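Below is one structure, written out as C-alpha cells; comments come after it.
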Amino acid sequence: MTPSMSSTDSNISACRIRLRGVRKSYAMGARRVEALRGIDLELLGPGFHAIMGPSGSGKSTLLHLLAGLDAADSGELEVGESRLDGLSENELTMHRRRRSGVVFQGFNLLPTLNALENVTLPSTLDGVAHATVAPRAQELLRELGLGDRMDHRPDSLSGGEQQRVAIARALLNEPPVLLADEPTGNLDSDTSDRLWRLLAGLAARRNMLVVMVTHEPAAAAHCERVHVLRDGLLAGSFDVQGMDASQLALRAADIVRSPR
C-alpha cells in the first residue's frame, strides 16, 4: 500500500513524540517506586529510533505510556497529533484502537483466525465492516511478504511471519508513529535481523516515526539514533551512523556509566 501524497505530507507533520517532565510510579508493597522521574524527550519527523538502557531504567514503562496502555502521573505527553496526558481511560482506549500502532514481543494473534482476519480484527471490533478494511489489510500483508499466507492460521506460520502479521495489524489505521517493544525477543537471530531491516524500511518508505525498545545492540544498529535511559531519566542520545553493534554497545554503556 502506498500512501497518497496528501496523506504522506500529513503523516510527516504528525511524526512526533514530545515528553516534558513525565513521571510514573508504581506501588510495590507499602512503598512506591519511580519508574520515570521527570523524563524529557523530543523526536520530530520520520525515522527509526531505539530506546535502550539497563533493566529497570524505565524503557517498557515509557513505551506503555506512549502507546496509551498506561497514564502518566504528571507531565506533558504528546504522540503524533494526540495529547495523551489528562485523557480519561475511555479516551486512552479510543486512542489505542484508532491512532496507536504497537508491536510487542508476543505476537498476540488469535489462533482461530487466519492472518487476514487477525489484521482486521481491531477495526471490526470497533464497528468497521470487514469488507471495508480487508482490501487495505490485504495490501499490507502483500507489502510485508505475506501475500500467499493470508488464509493461514498462526499455528501454520513461522515466528517471523506471525510478527509480520502483528506489524500489519499495527499499521492498519496508518498511524504516524509505530512503537515496538522488544519485537524480536521470540525470534532467532536471522529472523530478527530481517525484521529489524523491515522496520527500518517501513520508516523510510512510509515516512513514519518508528520507536523500538530493545536491549540488543544488533537491533539498535539498524536505527538512526539511540536514546539511553538510566534510572527513569534520559541519560543521553547519539547517532548510529557508521557504528557496528559492538561500537554501539560501548557507546551506550559509556552513557550509562557517565557521572550524573
Seminar exercise, completed: Computed over the Cα atoms of the range 106-233, the Rg and Dmax in Å are 15.0, 47
Problem set entry | Most mobile of Leu65, Leu144, Leu125 in a GNM of the chain (Cα contacts under 10 Å) | Leu125
Seminar exercise, completed: Packing-ranked peptide list from 224-231, 210-217, highest mean Cβ count within 10 angstrom first, is 210-217, 224-231
Exercise. Over all Cα pairs of the range 1-111, how is the pair count split among 5 Å bins, expressed in % and running from 0 up to the last occupied bin?
Worked result: 2, 10, 18, 21, 20, 15, 8, 3, 1, 1, 0
For this session: Would you mind calculating the relative contact order of the chain from Cα pairs under 8 angstrom and at least 6 residues apart, reporting the percent as a whole number?
Result: 27
Problem set entry | Proximal charge balance of Ser123 [Cβ under 10 Å; K/R count +1, D/E count -1] | +3
Exercise. Using a simple spin-label model with points 7 Å from Cα along the Cα→Cβ vector, what separation in nm is obtained for Asp70 and Arg96?
Worked result: 1.3
Exercise. Can you give the direction-averaged projected area of the convex hull of the alpha-carbon atoms in the chain, in nm²?
Worked result: 14.6
For this session: Relative to the longest principal axis of the C-alpha atoms of the chain, give the angle of the C-alpha long axis of helix 5-14, reported between 0 and 90° and rounded to the nearest 10°.
Result: 30
Seminar exercise, completed: Summing -39500 (n - 2.57) over every DSSP H run of at least 4 residues in the chain and dividing by its residue count gives a helix-only mean residue ellipticity at 222 nm, to the nearest 500 deg cm²/dmol, of -11500 deg cm²/dmol
Exercise. Once both axes come from the Cα atoms, what is the angle between helix 245-257 and the longest principal axis of the chain, in degrees from 0 to 90, rounded to 10?
Worked result: 40
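Quick note: the coordinates plus some simple rules give every number you see, no bench work behind them. No experiment lies behind these values; they were computed from the predicted model shown. We place every Cβ from the backbone using ideal geometry, glycine too, and count neighbours over all the protein chains shown.
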